[in-house]
1. Find the residue count for segment 45-67, including only residues that are at pLDDT 90 or above and assigned to a loop (DSSP other than H, G, I, E, B).
2. Looking only at segment 68-107, which residues are outside any strand (DSSP E or B) and at pLDDT 80 or above?
3. What number of residues within segment 114-145 are more than 12 Å from GLY48 (Cα to Cα), aromatic (Phe, Trp, Tyr) and at pLDDT below 90?
4. Of the residues that sit in segment 157-182 and are β-branched (Val, Ile, Thr) and part of a strand (DSSP E or B), which one is nearest to the chain's Cα centre (by Cα)?
5. Which residue, of THR15, THR25, THR88, THR42, is farther than 23 Å from SER173 by Cβ and exposed (fewer than 14 other Cβ atoms within 10 Å of the Cβ)?
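The values are calculated or read from the model by the stated rules, or taken from the named source; none is laboratory data. In this text the structure is predicted, and so the values were computed from the model without any measurement. For neighbour counting, all protein chains shown are included, and Cβ atoms are generated from backbone atoms with ideal geometry for every residue, glycine included.
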Amino acid sequence: MVSVSPAGTTSGASTYTLIATYTVTGSAAANYTFTSIPQTFTDLVLVGMVQGQANGDGPTVYFNGNNTSTYFSNTTMYTDGITAKGSTRNSNQAIMDIGTTSGLPYASTAQFAPTFLHVANYANTNTYKTGIYEYHTATGGYNAHGDITKAVYLYSSTAAITSITVGVNNGKSIPVGSVYSLYGIKAA
């Protein structure tokens, strides 16, 4: 594992430790699972650079190999980079969308866009898990300025998170060249 300090931190501050990186090579992948996640960190951060899909299908996650129980709820806000465009609320989801790789009017399927998922208290077996995710597109679905999506979510399980599976909604595959890295955060 490699330890990296975020910009502007000082000795003794929280650090990000790379747990694993997955790059899609050769051919598109149905999904990928980060397994055997160490339970020694306070939080997890999943960083992805995912290539767009023609119809806007985007990245998804589920935890602990369970894609049938309806543990996820989230509230999402989105903008076109200039003005707020709205919000949505989803409850009782087995798999959580963590962005859209916009196949709408101005989007390019060739673009790669970042997504960030933060999982707080992932190893705590006494509480539900909460977190945030954020997604950006370089050229947007609503206009040429790009989209920004931010959400808060609740994972209604007290089980420690030992694996995270990434995929693409609607049964699509993760495009070649897409990259996911999983980091652990250690408190000072």
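1. As a first pass, look at segment 45-67 and keep what is at pLDDT 90 or above: 45-48, 61-67.
Filter again for assigned to a loop (DSSP other than H, G, I, E, B), leaving 64-67.
The total comes to 4.
2. Here is the first cut: in segment 68-107, the ones outside any strand (DSSP E or B) are 68-71, 80-83, 94-95, 98-107.
Of everything in segment 68-107, those that are outside any strand (DSSP E or B) and at pLDDT 80 or above turn out to be THR68, SER69, THR70, TYR71, ALA94, ILE95, ILE98.
3. Within segment 114-145, residues that are more than 12 Å from GLY48 (Cα to Cα), aromatic (Phe, Trp, Tyr) and at pLDDT below 90 number 1.
4. So the first thing to find is which residues in segment 157-182 are β-branched (Val, Ile, Thr), and the list is 158, 161-162, 164-166, 168, 174, 176, 179.
Add one more test, that the residue is part of a strand (DSSP E or B), and what stays is 164-166, 168, 174, 179.
Details: ILE164: 10, THR165: 10, VAL166: 8, VAL168: 11, ILE174: 13, VAL179: 12 Å.
Only one residue tops the list, namely VAL166.
5. Numbers: THR15 fails: exposed (fewer than 14 other Cβ atoms within 10 Å of the Cβ); THR25 fails: farther than 23 Å from SER173 by Cβ; THR42 fails: exposed (fewer than 14 other Cβ atoms within 10 Å of the Cβ).
Going through THR15, THR25, THR88, THR42 in turn, the sole match is THR88.
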